[in-house]
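Everything on this sheet refers to the single structure shown next.
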Amino acid sequence: DTWFSEQSLHDSGAVQAEIDHLVKTGAADEEQHRVKIQFGKGGEIKDVEIERQVTDDEDPLLLREAEEEGAGGGGSTGGSRETPTLWLRSTKFGDDMDRVLRRRDGRLTYIASDVAYHKDKFNRPPNADKLITVLGPDHHGYIGRLQAVVAADLLGSDEAPSLALPQGGGNGVFDDNDAKIWRDAKEKRACLDALALAKERLEVQIFQLVRFVKDGKPAPMRKRDGNIYALIDLINEIGEKVRPDGSTEEKQTAGRDVARFFYLMRSHDTTFDFDLDLAEKQSEDNPVFYAQYAHARICGVIDKAAEEGLPLSVTLTDRGQGGEDTSLDLALLDHPKEKALILKLQDLGNEIERSAEDYGVNRLTTYAVELARTYHHFYDACRVVQTDQPELSKARLALCVATRLALRATFDLLGVSAPERM
């Protein structure tokens, strides 16, 4: 909901203020060398190399890094070739090598604005309890850098007793390799404490790419007038296919349901092939319609019960809130398909909890399809509306209502509609 301009950080002076802070605390300096660490198993430091630095133009590593990091907006100091390289001593905060904050031509790398960006992010109202930084594919290596960036900003703050360098303790092992990274044991402790706090605060999620597939082959998704394919175009195209006679709103609802469900069928950290042929299919092969049809079928069963003189007299509510029909004999639900459906309904809470823990929203799309399949099996094996067996019918109707509630709850979480007729 919030669009953020990197340029605003430079215009407000926030980037320069953070650079000044890093230099003041010793997290950044202009000494012309680079520290590189070779880590062993378990993060143990095996070797530390002090690389005497040549100029940006002569060092292929710096040239490659400049291409990766780019230059932050508003970061130039006039292009002076006399400006010494400014280093973020990120090895003090768990990174495998120091990173460039300002190049010799005066341009700032993106890491410089990353420091100010995360400082701003962690202080935004209304003080969210969780903030996530999203990176694209092939950026796993940036997680350690960002942790170092956040830790470097925390150094010297009063957020933890040992982060303020003058108060840091000097206990612990301090060997020859440590001496190449930190000034003393006091600084080592402060930096590592800052890193521990940064790891608690910073959460990074990697999002992989989505590839569109049609007729079993990669489908180029480009507008005629450019190379951008907007999500609304995908929604409209699917809607035209699955609801050709529907209104504009109905087409967009159908297209949105399919697009959302398909996107959420795979974890965000795995590459996903979006099958356009399957997405446009109006059959039970399409997982969205298969799950939605179960909901529509339940609505139809309840309507039929009312027509047959078996109005639904049970209202399922939170336990202890009243509204339950005490005359229900749920012990009648002893068919294997009934028991299987009850067990599947009980899984919903666990699936939501797991999704909340690891952001695996694909658990919920899988659950919706599995619940629909379990209901369809129940429906095929157990006749719900039987006027000659009203008690059994009422018990099975209650099970139908519970299934409808679970499907609606899952669809609501996924942002997918729950149609009553299909």
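For region 2-69, which fully contained helices (runs of 4 or more DSSP H) count at least 2 residues that are at pLDDT below 80?
The helices (runs of 4 or more DSSP H) meeting that bar are 60-69.
Could you please find all residues in region 181-192 being open to solvent by 30 Å² or more (accessible area, probe 1.4 Å), assigned to a helix (DSSP H, G or I) and either within 13 Å of Thr25 (Cβ to Cβ) or among the hydroxyl-bearing types (Ser, Thr, Tyr) (or both)?
Lys186, the sole residue that qualifies.
Residues in region 395-422 that are at pLDDT below 90 and either open to solvent by less than 10 Å² (accessible area, probe 1.4 Å) or more than 14 Å from Ala296 (Cα to Cα) (or both): how many?
Selection size over region 395-422: 0.
Return the only residue of Gly156, Gly72 being open to solvent by less than 20 Å² (accessible area, probe 1.4 Å) and at pLDDT below 90.
Gly72
In region 372-422, which residues are of a type in the set (Asp, Glu) and in a loop (DSSP other than H, G, I, E, B)? Talk me through it step by step, then tell me what you get.
Within region 372-422, the first condition is being of a type in the set (Asp, Glu), and the residues that meet it are 380, 388, 391, 412, 420.
Hits for region 372-422 are Asp388, Glu420.
Quick one: how many residues across region 325-375 are under 19 Å from Ile302 (Cβ atoms) and under 32 Å from the mean Cα position of the chain (by Cα)?
Result for region 325-375: 7.
Out of the residues in region 1-53 meeting the condition of being of a type outside the set (Gly, Ala, Ser) and touching a His at 6+ places or on another chain (Cβ under 9 Å), tell me which one is surrounded by the fewest Cβ atoms within 10 Å (Cβ to Cβ).
Looking at residues that are of a type outside the set (Gly, Ala, Ser) and touching a His at 6+ places or on another chain (Cβ under 9 Å), I get Arg52.
Run down Phe212, Phe261, Phe272 and say which single residue is at pLDDT 90 or above, hydrophobic (A, V, I, L, M, F, W, C) and closer than 28 Å to Gly360 by Cβ.
The match here is Phe261.
Considering only helices (runs of 4 or more DSSP H) fully contained in region 240-315, which possess at least 2 residues that are free of Cβ contacts under 8 Å to residues at least 40 places away in the same chain?
In region 240-315, 248-263, 287-307 are the helices (runs of 4 or more DSSP H) which contain 2 or more residues that are free of Cβ contacts under 8 Å to residues at least 40 places away in the same chain.
Here is a yes/no grid of residues against (1) at pLDDT below 90; (2) in a helix (DSSP H, G or I):
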position	(1), (2)
Val150	no, yes
Ala198	no, yes
Gln205	no, no
Pro220	yes, no
Ile238	no, yes
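For (1) more than 28 Å from Asp358 (Cα to Cα); (2) among the hydrophobic types (A, V, I, L, M, F, W, C), each residue gets a yes or a no:
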site	(1), (2)
Ile238	yes, yes
Val242	yes, yes
Ala254	yes, yes
Arg260	no, no
Met265	no, yes
Thr270	no, no
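From Ala395, Ala409, grab the single residue that is under 34 Å from the mean Cα position of the chain (by Cα) and among the hydrophobic types (A, V, I, L, M, F, W, C). Outline the logic, then answer.
Details: Ala395 fails: under 34 Å from the mean Cα position of the chain (by Cα).
When all the criteria are applied, what remains is Ala409.
Between Ala164, Ala116, which is open to solvent by less than 30 Å² (accessible area, probe 1.4 Å), over 28 Å from Gly40 (Cα atoms) and modelled with pLDDT under 90?
Ala164
The values are calculated or read from the model by the stated rules, or taken from the named source; none is laboratory data. Keep in mind that what you see is a predicted model, and the values were worked out from it rather than measured. Here the Cβ is made from the backbone with ideal geometry for all residues, glycine too, and neighbour counts use every protein chain on show. Surface areas here come from the heavy atoms of the whole protein model, side chains and all, with no ligands, DNA or RNA. Shrake-Rupley method; radii C 1.70, N 1.55, O 1.52, S 1.80 Å.
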